[in-house]
Amino acid sequence: MINEHTQQLINKGEMLPLMEEFYTIQGEGFHTGKAAYFIRIGGCDVGCHWCDVKESWDANLHPPTKTTEIVTNINKQANTVVVTGGEPLIWNMDYLTNLLKKQDLKTHVETSGSYKLSGNWDWICLSPKKTKLPLPAIYSKADELKIIVLNKHDFKFAEEQAAQVNTNCELFLQPEWSKREEMMPLIVSYVMENPKWKISLQTHKYLNIP
């Protein structure tokens, strides 16, 4: 049971339910192939059945950690920090990103957009989910729109979402991992017919890295 003082720190973002943090190579989207330090925050109620980190959903499984300690652990070689989850925007990201900015680190977030945007971000990757759609305000702020393609109906969803982002937003279609062999030919054809889109692959899985 979290005491009142700890809850106050969590509310201010001075403590966060840290699941894991690690230095690796960004495997998806616009920044694929770039070295980055990942901070994975626990807690998510979006409920994607194909999520590959379901253990992140229950924030109570991940004890509140002082945000200053999280930042202290960052690999000194890193120049980019990716905050992911779970759904990181459940929590106030202002304090964390302010600390990261003081260290001249680039700040990236991966979010479904279903919670109010907080934090100071250099890159916002918006990955909408049908089960809990993004809040309207985040569409104009997204630098990257990444749609997970599980079936052919997701192409229609992708276009509905793309119609709401700004004109400079990078557009990506990414096959859901377990359906990649089935969906990839459809994605290739779709991108060739609609070249505003690009293909994103989970290259970290092919490389067998976190």
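Scanning segment 92-119 for residues that are in a loop (DSSP other than H, G, I, E, B) and over 21 Å from K146 (Cβ atoms) gives N92, Q103, D104, L105.
Listed here are the residues, each with its yes/no results for (1) closer than 19 Å to S178 by Cβ; (2) outside any helix (DSSP H, G or I); (3) modelled with pLDDT of 95 or more.
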position: T24; (1), (2), (3): no, yes, yes
position: T32; (1), (2), (3): no, yes, yes
position: A36; (1), (2), (3): no, yes, yes
position: I39; (1), (2), (3): no, yes, yes
position: G43; (1), (2), (3): no, yes, no
position: G47; (1), (2), (3): yes, yes, no
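Against the condition in a helix (DSSP H, G or I) and at pLDDT 95 or above, how does Q174 come out, does it pass? No: the conditions fail for Q174. When V53 is tested against (1) under 20 Å from I148 (Cα atoms); (2) aliphatic (A, V, I, L, M); (3) in contact with a Phe, Trp or Tyr (Cβ under 6 Å, 6 or more places away or on another chain); (4) surrounded by fewer than 19 Cβ atoms within 10 Å (Cβ to Cβ), only condition (3) is not met.
So that you can scan it fast, the table gives a plain yes or no per residue for (1) of a type in the set (D, E, K, R); (2) in contact with a Leu (Cβ under 6 Å, 6 or more places away or on another chain); (3) within 22 Å of V82 (Cα to Cα):
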residue	(1), (2), (3)
N120	no, no, yes
C125	no, no, yes
K129	yes, no, yes
S140	no, no, yes
N151	no, no, no
Q164	no, no, no
T167	no, no, no
S178	no, no, no
E181	yes, no, no
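Among the residues of segment 118-142, write down those that are surrounded by fewer than 20 Cβ atoms within 10 Å (Cβ to Cβ) and under 14 Å from N166 (Cβ atoms). Within segment 118-142, W123, P136, A137, Y139, S140, K141 qualify. Entry remark, segment 151-168: residues being part of a loop (DSSP other than H, G, I, E, B) and buried (at least 19 other Cβ atoms within 10 Å of the Cβ) number 1 in total.
Scanning segment 185-210 for residues that are surrounded by 13 or more Cβ atoms within 10 Å (Cβ to Cβ), touching a residue at least 12 places away in the same chain (Cβ under 8 Å) and closer than 13 Å to F172 by Cα yields I187, Y190, V191, W197, K198, I199, S200, L201, Q202.
The values are calculated or read from the model by the stated rules, or taken from the named source; none is laboratory data. Just so it is clear, the model here is predicted, and its values are computed rather than measured. So basically every Cβ, Gly included, is an ideal-geometry build from the backbone, and we count neighbours across all protein chains shown.
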